[in-house]
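Here the structure comes first, spelled out in structure tokens, and everything after it is commentary.
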Amino acid sequence: MTIIKYVDAENNVTEVEAETGESIMSLAVNNMVDGIVGECGGAQACATCHCYLDNKYAKHFSEMSEMEEAMLESAPQRTETSRLSCQLMLKDDTPDIEVSLPSSQY
Amino acid sequence: MNLVVIVGGGHAAAEAAIALRIQGWEGDIKLISDEDVLPYQRPPLSKGYFHKTVTSAQLLIKKQALYEKANVDVMLGLSVVAIDRLSQTVTVSSGAIIGYSHLIIATGAQARILNIPGAELPCVSYLRTLNDANNIIANIKSNSHLLVIGAGYIGLELAASARKIGARVTILESFERVLSRVTNEQMSGFYQGLHKDNGVDLKLNIGIEEIHTTEDGYVATLNDGSNVAFDHTVVGIGVIPNTGLAEAAGLECDNGIVVNEHTLTSDPTIYAIGDVSNHPNEFYARNIRLESVPSAMEQAKVAAANICGKPKIHNSFPWFWSDQYDVKLQTAGLSQGYDETVVRGDMTQKKFALFYLKKGKIIAVDAINSPKDFMKAKALIPQGLTVSKDKLADITKNWFD
């Protein structure tokens with residue numbers, strides 16, 4: 001069983017069982033993880049599913065597209081490990097992953 | 001009694017049901033939807049779902065398991081036929097009468113119907129529901145000719161999707177330009193060029209008078225006397241808010257159900273959210289009704305918080321997006337009432353931002369393949385930003401610094 005761990009800005013942890021084919025955003029939205037909003041449903045239009053993905057996990061996901069990079073460029077609380085969680089797709093061989101969340105998506 | 005009844009099965013309804021639990025609502029929650037499937041995302045119907053990059057499972061806003069976990073009673077395939085405010089009950093199409101302590105009306109909007117001879121023929125469709133989308137997709141093939149009536153977002157996105165699979169596309173627009181309700185002439189010109197470059201036959205300033213069948217398909221007769229033969233048509237000429245239930249119950253309605261900043265209607269136990277609500281907007285200092293997923297979600301959260309005794313004001317800033325061909329439009333704000341516009345960037349490169357100003361103040365931005373400008377605009381316009389036109393147009397410097 002693969003676990004996706006969401007750590008919010010106050011260090012509250014929510015652990016959710018991964019589902020192949022879901023994104024880290026859609027998994028959060030379906031498990032009442034409050035720190036991820038996902039207003040546009042994964043169209044890379046809103047950047048309200050912003051999360052931080054440690055570099056050690058980066059190889060398990062596709063690289064950032066030009067659009068994702070551009071959306072994050074002006075997102076609040078941007079850091080070097082920022083990703084849009086709607087673009088982090090879970091596969092059969094995805095290991096346990098931990099992402100942390102900004103204090104606000106706006 | 002602690003029971004929230006949510007009428008509707010769209011984005012606002014689904015979001016409200018779950019938000020109530022997140023906010024700590026301990027009573028019952030019933031969601032009554034007249035559709036036969038769980039609430040789903042509508043924006044992908046004209047694009048990602050059309051091209052099968054988004055599956056029907058991925059369309060779901062929340063999965064079945066979440067409604068179960070959150071103990072939300074989802075009643076599908078049923079409509080609410082009446083609200084009795086005195087007894088605080090709703091009557092369902094099955095005949096059941098359900099009491100409520102709080103009622104959330106999230107009935108959305110319906111497609112405006114084409115009213116001409118032949119409009120009842122099976123070749124005429126509208127895009128609002130998943131069933132509509134399935135019908136349209138089944139009827140648009142690479143060798144067919146799609147007639148799009150109305151050049152708003154729905155029509156233009158469907159035209160782009162149909163072109164992508166090689167279908168022939170003709171668009172009819174009764175006004176002199178596309179997207180006339182929401183953008184200025186330059187932006188309309190940009191989209192007209194985009195669709196023409198992609199092989200769409202765009203006919204402006206033209207009305208449709210009649211549709212009739214022929215031996216091998218259908219023909220539309222236009223008001224200039226010409227005929228267009230086609231295989232299927234999609235009508236996208238706007239929507240009408242579903243206020244019938246609220247009006248019959250005596251709630252104040254005016255282009256939607258009128259609510260206050262708490263999303264509360266003229267009845268203190270009834271909230272209205274999503275595309276059906278006519279709500280105050282502080283920045284624009286007027287009441288607005290939006291057809292917008294992000295706005296619906298925000299209104300849902302506000303209603304849920306208020307019902308849970310955590311007073312919250314709805315004051316989100318409107319924004320929209322549209323994907324057509326290789327062009328992503330992101331709009332921050334409402335441009336209505338602008339007195340000046342400034343283009344930043346090169347329109348021919350399909351990468352620019354169009355700023356709408358009113359008395360020197362930025363009130364909206366249409367960003368074409370320019371997410372950074374959009375993100376900044378969405379964050380900064382609500383703060384009441386005044387930037388000189390020269391600075392807005394100068395691409396060598398950031399306009400927001």
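Amide hydrogen proximity for B:Gly118: with H placed 1.01 Å from N in the peptide plane, the residues at 5 or more positions away or on another chain lying under 5 Å are B:Ile211. Within chain B, all pairs of alpha-carbon atoms sorted by distance into 20 Å bins from zero give the percentages 26, 54, 20, 0. Rolling a 1.4 angstrom probe over chain B with all protein chains present gives an accessible area of which 48% lies on carbon and sulfur atoms. Each other residue within a Cβ distance under 11 Å of B:Gly207 adds +1 if Lys or Arg and -1 if Asp or Glu, for a net charge of -3.
Using +1 at the C-beta of Lys and Arg and -1 at the C-beta of Asp and Glu, which of B:Asn2, B:Ala133, B:Tyr49 has the Cα lying farthest in the positive direction of the dipole of segment B:1-156? Working it through, the farthest residue towards the positive pole turns out to be B:Tyr49. For chain B, adding -39500 (n - 2.57) for each run of n ≥ 4 DSSP H residues and dividing by the number of residues yields -6500 deg cm²/dmol at 222 nm.
Annotation for the B:A interface, with buried accessible surface near 2100 Å², both sides summed [1.4 Å probe; non-protein components not counted].
For the protein assembly as shown, the share of DSSP beta bridges that are antiparallel, to the nearest 5, is 60%. With contacts taken as Cα pairs under 8 Å and at least 6 residues apart, segment B:1-113 reaches a relative contact order of 36 percent. Each residue of segment B:76-87 is assigned a 3J(HN,Hα), and the resulting list reads 9, x, 10, 10, 8, 9, 7, 10, 10, 6, 5, 8 Hz, derived from the Karplus form 6.51 cos²θ - 1.76 cosθ + 1.60 (θ = phi - 60°), x at Gly and Pro.
The alpha-carbon atoms of segment B:243-385, seen along their principal axes, cover 52, 34, 27 angstrom, with the largest extent given first.
Calculated accessible area for the protein assembly as shown comes out at 42 Å² per residue, all protein chains present (probe 1.4 Å; ligands, DNA, RNA ignored).
Put simply, the amide H of B:Ile237, placed in the peptide plane, has neighbours under 5 Å in B:Arg112, leaving out anything fewer than 5 places away on its chain.
Among the listed pairs B:Lys47/B:Lys372; B:Lys47/B:Lys350; A:Lys91/B:Lys376; B:Lys164/B:Lys361; B:Lys350/B:Lys376; B:Lys196/B:Lys358, those with a Cα-Cα distance over 28 Å are A:Lys91/B:Lys376; B:Lys164/B:Lys361; B:Lys196/B:Lys358. Pairs of alpha carbons in segment B:326-393 separated by more than 14 Å make up 51% of all such pairs. Using the Kirkwood radius built from alpha carbon pairs, what does the Stokes-Einstein equation give as D for chain A at 20 °C and 1.002 mPa s, in µm² per second? Approximately 160 µm²/s, per Stokes-Einstein.
Remark: segment B:321-336, residue by residue, has Karplus-estimated 3J(HN,Hα) of 9, 8, 10, 9, 6, 9, 10, 9, 9, 10, 10, 10, x, 10, 8, 3 Hz, where x stands for each Gly or Pro and the curve is 6.51 cos²θ - 1.76 cosθ + 1.60 at θ = phi - 60°.
Along its first, second and third principal axes, ordered by size, segment B:22-166 spans 54, 37, 24 Å in Cα coordinates. Across the options B:Ala82, B:Ile113, B:Gly238, the greatest Cα extent toward the positive end of the charge dipole of chain B (unit charges at beta carbon of Lys, Arg, Asp, Glu) belongs to B:Gly238. Loop-located trypsin sites (Lys or Arg not before Pro) in segment B:11-59 (DSSP state other than H, G, I, E, B) with a sparse environment of at most 14 neighbouring Cβ atoms within 10 Å: B:Lys52.
For segment B:109-125, 3J(HN,Hα) computed residue by residue from phi via the Karplus equation (6.51, -1.76, 1.60; θ = phi - 60°) reads 9, 10, 5, 5, 8, 6, 10, 9, x, x, 5, 8, 5, x, 7, 9, 9 Hz, glycine and proline entered as x. For B:Ser144, the shell of other residues with beta-carbons less than 13 Å away shows a net charge of +1, using +1 for Lys and Arg and -1 for Asp and Glu.
For B:Ala57, the shell of other residues with beta-carbons less than 15 Å away shows a net charge of +1, using +1 for Lys and Arg and -1 for Asp and Glu.
When the C-alpha to C-alpha distance is required to be over 31 Å, the pairs from B:Lys69/B:Lys328; A:Lys56/B:Lys351; B:Lys62/B:Lys310 that qualify are B:Lys69/B:Lys328; A:Lys56/B:Lys351. Listed by chain and number, the aspartates and glutamates placed with their C-alpha closer than 14 angstrom to that of B:Lys141 are B:Asp231; residues fewer than eight positions away on the same chain are left out. For the protein assembly as shown, the mean projected area of the C-alpha convex hull, equal to one quarter of the hull surface, is 24.8 nm².
DSSP beta bridges fully contained in segment B:124-239 are about 40 percent antiparallel.
Beta bridges assigned by DSSP with both partners in segment A:3-100 are antiparallel in approximately 75 percent of cases. Taking amide hydrogens as placed 1.01 Å from N in the peptide plane, the amide H of B:Gln41 sits under 5 Å from those of B:Leu60, B:Ile61, each at least 5 positions away in sequence or on another chain.
The values are calculated or read from the model by the stated rules, or taken from the named source; none is laboratory data. Note that the structure is predicted; figures quoted are calculated from it, not measured. Cβ atoms come from the backbone with ideal geometry, glycine included; neighbour counts cover every protein chain shown. Just so you know, the surface numbers come from the protein's heavy atoms only, side chains and all, with ligands and any DNA or RNA stripped out. Shrake-Rupley method; radii C 1.70, N 1.55, O 1.52, S 1.80 Å.
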